[in-house]
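The values are calculated or read from the model by the stated rules, or taken from the named source; none is laboratory data. Given the structure is predicted, the values throughout are model-derived calculations rather than measurements. Here Cβ is always computed from backbone atoms with ideal geometry, including for glycine, and neighbour counts include all displayed protein chains. In case anyone asks, the SASA skips ligands and DNA or RNA and just uses the protein heavy atoms, side chains included. Shrake-Rupley method; radii C 1.70, N 1.55, O 1.52, S 1.80 Å.
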Amino acid sequence: MSSMCDCGRLQPYERCCGRWHGGAQPTAVEDLMRSRYSAFVRQDAEYLLRTWHPKTRPAAIDWVDDTQWLQLQVSHAEQNEQHGEVHFNAYFREQGVWQCLHERSRFVCADGVWYYLDGVADWQRIKPQRNAPCLCGSGRKGKQCCLR
Ligand SMILES: [Zn+2]
Ligand SMILES: [Zn+2]
C-alpha cells in the first residue's frame, strides 16, 4: 500500500483520513465519505458510529471477518450547507468473491458537524481480468498481483 491512504488519495494516511480519525471535523462530504471507507478498511467502529447520524446509526458494526477492501472510486460529490451526496464504487473481496459496491450516500450537517445519513446501494459480482490493472490499485496486472 506504500504511502497512499487507504481511501486512494496519494497522501500519507496521517495527512489524509488520519486527520479525521484523529478528531478533526471534515467539512467536505467527500472527505467524510473517504474517511469512512478508510475506517471500514481499518475496522474502526468507533469512528463509523461517531460519523453516523443518530437517526440511522446502528447499535454496532457487524464485521465480516474476511472482507478485503481493494479500491475506492468516487465518481460524484456535491453539497450545500446542510445536505451532501457522494457516489462511489468500492471494490472488495469476500470469501473469495470479488464484488463492487455502488452507493449513493447522503450526508447531513447538524450544528456544523457532518454525518452520514443513509445510502442507496447495490452490489455486483465482478470477474477480475488477469491482464487488466489489478483492482487493488497496486498498478500491476491482476495475474501478477491478487490473482496470482
Ligand atoms: Zn484518505
Ligand atoms: Zn492486487
Open item on the list: Report the rotationally averaged projected area of the chain based on its alpha-carbon convex hull, in square nanometres.
Closed with: 8.9
Open item on the list: For the pair residue 25/residue 118, report the inter-label distance in nm, with labels modelled 7 Å from Cα in the Cβ direction.
Closed with: 2.5
Task: About the Cα centre, charge dipole magnitude for the chain (Lys/Arg +1, Asp/Glu -1 at Cβ), debye - done: 780
TODO: Quick one: angle between helix 29-42 and the longest Cα principal axis of the chain, in degrees between 0 and 90, rounded to 10, please.
DONE: 60
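Hey, what D do you get for region 1-57 in µm²/s if you plug the Kirkwood alpha-carbon radius into Stokes-Einstein at 4 °C and 1.567 mPa s?
Numbers: Rh = 11.4 Å.
Translational D for this selection: 114 µm²/s.
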Open item on the list: With n ≥ 4 as the cut-off for DSSP H runs, can you work out [θ] at 222 nm for the chain, using -39500 (n - 2.57) per run divided by the number of residues, rounded to the nearest 500?
Closed with: -4500 deg cm²/dmol
Task: Cα pair count fraction exceeding 19 Å, expressed as % - region 64-132 - done: 44
- [ ] Give, in nm to one decimal, the length gained when the segment between residue 132 and residue 78 is fully stretched (0.36 nm per residue of separation minus the Cα-Cα distance).
- [x] 16.4 nm
- [ ] Determine the relative contact order of region 74-148: mean sequence separation of Cα pairs under 8 Å and six or more apart, normalised by residue count, in whole percent.
- [x] 20
TODO: Assuming R0 = 22 Å, can you tell me the calculated FRET efficiency for the pair residue 101 and residue 60, based on Cβ-Cβ distance, to the nearest 0.05?
DONE: 0.65
- [ ] Over region 60-104, with every protein chain in place, what whole percent of the accessible area is carbon and sulfur at 1.4 Å, could you tell me?
- [x] 38
